[in-house]
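Below is one structure; the comments refer to it alone.
Please treat every number below as a calculation from the coordinates, not as lab data. This is a predicted model, so every value here is computed, not measured.
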Amino acid sequence: MHIRLIQLMFAAVTMTCCTGTVKAEVQLFVDFAEWQSLTGAFSTVDFTGFPAGTFITDQYEALGAVFTDGNDNIHLSASHQLDGAGLDGNLAIDIAFVSPMTSLALHFPGHAQIDLFSNGSTIYSSPIVSGGGAGALGFVGVTSSVSFDSARIVDPTGGPLTPFDNVSIDNLYVGPPIPAPGTIMLLAFASIQHKRRRRC
């Protein structure tokens, strides 16, 4: 029975690994508490601790996110209502994740759209989400059935000549990474061995 369980888990891992180019089933959230309750543990990138204008690339690699377009910089403003600091991305904020993710969210002023990618292919594009009235921060979060390795944040509410407007993030929330298939198998095997020892 234990061998069959391992075989089924290996089949599930194989199926997950082979679906990277299909469209993902993605849940969209506009409520932080609801997204947080479903995503579990996550890291918060709050963009504090740097002078205004600092270009951000790999400073948050330890939290799982690398900013890859080289044009994102620290913006200190009251519009970043959570802590006064945020990331100014100009026309786009491109993020590569150290490990594949299934969960991502952000607080932002203005408008935002999230595009998710796996191995260079788009697996999801969210609708445009707007902040609350009277300058209130907006929130958008996603959870995906297919892991993604990069994302792009844009504000596609510009005019006909410049379709993308300036985009910024107050806080970014990066969900827990997906363990590698070998790690999943080891965890499953360890769990089975632990149960067998308890029976003995």
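At-a-glance table
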quantity: Stretch gain in nm, segment Ala78-Ala96, where the contour uses 0.36 nm per residue and the Cα spacing is subtracted; calculated: 3.7 nm
quantity: Equivalent ellipsoid dimensions for region 24-179 as semi-axes, Å, which come from the Cα gyration tensor, largest first; calculated: 21, 18, 16
quantity: Additional length obtainable on full extension of the chain from Thr157 to Ser43, 0.36 nm per residue less Cα span; calculated: 38.2 nm
